[in-house]
Structure formats: C-alpha cells, structure tokens
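**Student:** Once you've had a glance at the structure underneath, I'll fire off some questions.
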Amino acid sequence: MNKINLQFEINRQTIKRTDTNEIASNTIGLYSAQFRFDDTWSGLTKTAVFENRNGLSYEVLLNEEKDYYICDVAPEVLSSDDNFNGFMLVSVIGIAIVDNTVIQRATTAKARIEFYPGAPLNSINSETPTPTIPEQVVCALAKSQWLFGTQINGTGEEIPAEIQKASVGMQYINLDTSNVYKCISINGSNSVWSFVTCFKGNKGDKGDKGEPFRAVSTLGQFLDWHRRISGSTGFCLICGTVTYNGETYEQGDIIFSDRRTPGEETITRYSIKGEKGANGDSGVTYTPGISKSGVISWTNDGGMENPPDVDLVGAVINALPSAVGVSF
C-alpha cells in the first residue's frame, strides 16, 4: 500500500510543512514523514519526535533516502476519542558523537499539525505501538546487511575504506568504538561510508576529587602538610608525637583541618586509640594460721568471708590404714 507523505523542510532550527495532504485521526501505518535538511544538519544523526496533545512524545529514527530522510508517523499521536479536530507536534533532534561523547545537539522548533476526526479506534482490530529506539535499532539490524570490524573510523559523511564484499546500503559496526556506518558508494573493493550513530551511551560525569590524606611524624612535616592544604580541607595520620598551637598529637591520631585561610583553621582530632579504662578494685589478702592442735584457719584484710578451718592432724589420721592393737 502506498503511503501518504507529510513533507517538511528544515532550515537551521525552523521546521515548515510543505505538503497539503489532509490527515484523519485513528489512522495506523498510512502516514510517513519526509524531512529535507539544510547544511546546518550535515553529519548529525537525526531522530523525529512526534508529540500528542497530552504531551506524550514518541521518537522515531530517520532513514536516509537519496536527498531526504523518512520515517513512519507514530500512530499514537493520531488517536482521538472525540469528534473534534485534533493536532500533533512534530520536531527533529540531531546529535554528533565523537569518542562516545555528544559534542553537538541540534533541535528544531515544534510544528503544529492539525488533523480531522476519523472513524472510532474501536473499529480497528489492533494497534501496533511505536517501538522504542533500541527496538528500532534491532529491527534495522534484522533488515540490513551488516559487516563488523575496526577498519572504518571517524564521524564524517564520506569515509573511504577498502572493504571486501561491500555494497551500497550495507551497514558496518566498528567493534572498538561501537560506531555505525552506512555504505554510500562503491567501486570494486574501494567504498565510501557515512557515519550513522554510536551504540555506546554517553560517558558519565567525573566523580568529585577526594580529600587529601597523608601521614606525618614530625612537627616540620605536620606544618608542611598544613601549609600545602591551605585553602582546602584535608586529613593526616600522626605517626609520632607532634605539637602544634599548644596541642600535642600522638601516634594514631587522625587530624582533620577545615583550612580556609591561614591562622583561621579549625583542627579536629580523631583518635584510633581507645580511652584508658578505670582502675580495677583492689584485691583481698588472705593470711593462714595454724593452732597447736593442727587446725589451720585464715584471716583477711578486706572484710570478706574466710574459708572454713581444716584439721590437718585429723585428716592425716583418717588417711592411715586401721591396725589392731594400735591407738593414738
């Protein structure tokens, strides 16, 4: 089935519709959008953005066809549940990527496109939703011939390369950079390629710099460290005994300085040594004594209960074997 083409001209960041085709709501798969760009957009990977009256937007990758770019109109923006005229907003995004970093991003103003109420949506059996950008890439992979390697590099529009078995329209993925290229002309094994996009995401922001930390063991080293962090904060570990501004810092102390201006800093001590515990209770001394009859007993200097007395003589006698005629 032939499609109805909605045509747009893009000059710098202005978008203008140039066709006069009427549009009806609740239409699926009938409308395509063609975009022609001026030189401002040269070298950019282009994506059309369709937005409905509720503010929901749908992005569709643009395919290059001769001197224009084309895609299907997202059917979601044409849905309508009433009998009043509706509208959609159409715009384009273009990006340039170098070394996996977006170095340029261009956008157009939004063009407001009116459409008439069509037949109710419930008279259509099913609706095919607009795929996400990753799903669109997968579909493009399935429909195209692809080559893989590391020979083609850069982000230009005309990159020469000697690629065997290449043909116009063939796609190429650089396995090192994840850049995607499309063959635009060929002469034997000599081919010319155009950068399309990069599969890698943008590089994340660099993390914040950590606060400086070092170990010092003398007063001179401590003062040197403190001068070096003037205007910033910092930590240091004391490995000896250091005296500074009347304070003595010992081995194991960790010092933090909020040094803002010389002489106005605040120094905080964090010690990794535990505090000294309280003295334990004094012990009790037990002193033994023995009577003439052989009984041993104890006294103590702590007012504690003494052990029971022991009759040493009786214990010895009880341990001896009994014998007839022997008495004590």
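The values are calculated or read from the model by the stated rules, or taken from the named source; none is laboratory data. Bear in mind the structure is a predicted one, so any value in this text is a computation, not a measurement. Cβ: placed from backbone, ideal geometry, glycine included. Neighbour counts: every protein chain shown. Each accessible area value is taken on the protein alone, full model and side chains, heavy atoms only, with ligands, DNA and RNA left out. Shrake-Rupley method; radii C 1.70, N 1.55, O 1.52, S 1.80 Å.
**Student:** Looking at Arg36, Arg53 in this structure, which one is open to solvent by 70 Å² or more (accessible area, probe 1.4 Å), over 21 Å from Thr155 (Cβ atoms), in contact (Cβ under 8 Å) with a residue 12 or more places away in the chain and in a strand (DSSP E or B)?
**Tutor:** Exactly one of Arg36, Arg53 is open to solvent by 70 Å² or more (accessible area, probe 1.4 Å), over 21 Å from Thr155 (Cβ atoms), in contact (Cβ under 8 Å) with a residue 12 or more places away in the chain and in a strand (DSSP E or B), namely Arg36.
**Student:** Further question: Could you please find all residues in segment 180-195 being over 17 Å from Glu64 (Cα atoms) and open to solvent by less than 30 Å² (accessible area, probe 1.4 Å)?
**Tutor:** Once the filter is applied, which keeps residues that are over 17 Å from Glu64 (Cα atoms) and open to solvent by less than 30 Å² (accessible area, probe 1.4 Å), segment 180-195 yields only Ser191.
**Student:** Of all residues in segment 70-112 being out of contact with any Phe, Trp or Tyr (no Cβ under 8 Å at 6 or more places or on another chain), under 20 Å from Thr20 (Cα atoms) and open to solvent by less than 30 Å² (accessible area, probe 1.4 Å), which is modelled with the highest pLDDT?
**Tutor:** Ranking the candidates gives Ser91 first.
**Student:** Just one of the numbered conditions (1) assigned to a strand (DSSP E or B); (2) modelled with pLDDT under 90 is not true of Gly29; which one?
**Tutor:** Against the list (1) assigned to a strand (DSSP E or B); (2) modelled with pLDDT under 90, Gly29 comes up short only on (1).
**Student:** Same structure, new question: Against the condition touching a helix residue (DSSP H, G or I) at 6+ places or on another chain (Cβ under 9 Å) and either within 23 Å of Val49 (Cβ to Cβ) or at pLDDT below 85 (or both), how does Gln145 come out, does it pass?
**Tutor:** No; evaluated as a whole, the condition is false for this residue.
**Student:** For a quick check of your reading of the model, give me the residue pairs whose first member lies in segment 282-296 and is without any contact (Cβ under 8 Å) to a residue 24 or more places away in the chain and more than 13 Å from Asp311 (Cα to Cα), whose second is exposed (fewer than 12 other Cβ atoms within 10 Å of the Cβ) and among the hydroxyl-bearing types (Ser, Thr, Tyr), with beta-carbon atoms closer than 6 Å and at least 6 apart or on different chains.
**Tutor:** What qualifies is Thr287/Thr299.
**Student:** Going through segment 9-33 one residue at a time, which ones are touching a helix residue (DSSP H, G or I) at 6+ places or on another chain (Cβ under 6 Å), open to solvent by 50 Å² or more (accessible area, probe 1.4 Å) and more than 25 Å from Cys198 (Cα to Cα)? Write out each step before concluding.
**Tutor:** Going residue by residue through segment 9-33, those that are touching a helix residue (DSSP H, G or I) at 6+ places or on another chain (Cβ under 6 Å) are 12, 25-28.
Checking the rest, the ones that are also open to solvent by 50 Å² or more (accessible area, probe 1.4 Å) come to 12, 28.
Hit for segment 9-33 is Ile28, nothing else.
Table: residues versus (1) under 53 Å from the mean Cα position of the chain (by Cα); (2) at pLDDT 75 or above; (3) open to solvent by 80 Å² or more (accessible area, probe 1.4 Å).
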position	(1), (2), (3)
Arg260	yes, no, yes
Ser271	yes, no, no
Gly277	yes, no, no
Gly289	no, yes, no
Ser297	no, yes, no
Asp301	no, yes, yes
Leu312	no, no, no
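**Student:** Among the residues of segment 40-50, is any open to solvent by less than 70 Å² (accessible area, probe 1.4 Å), out of contact with any Gly (no Cβ under 8 Å at 6 or more places or on another chain) and without any contact (Cβ under 8 Å) to a residue 40 or more places away in the chain?
**Tutor:** no
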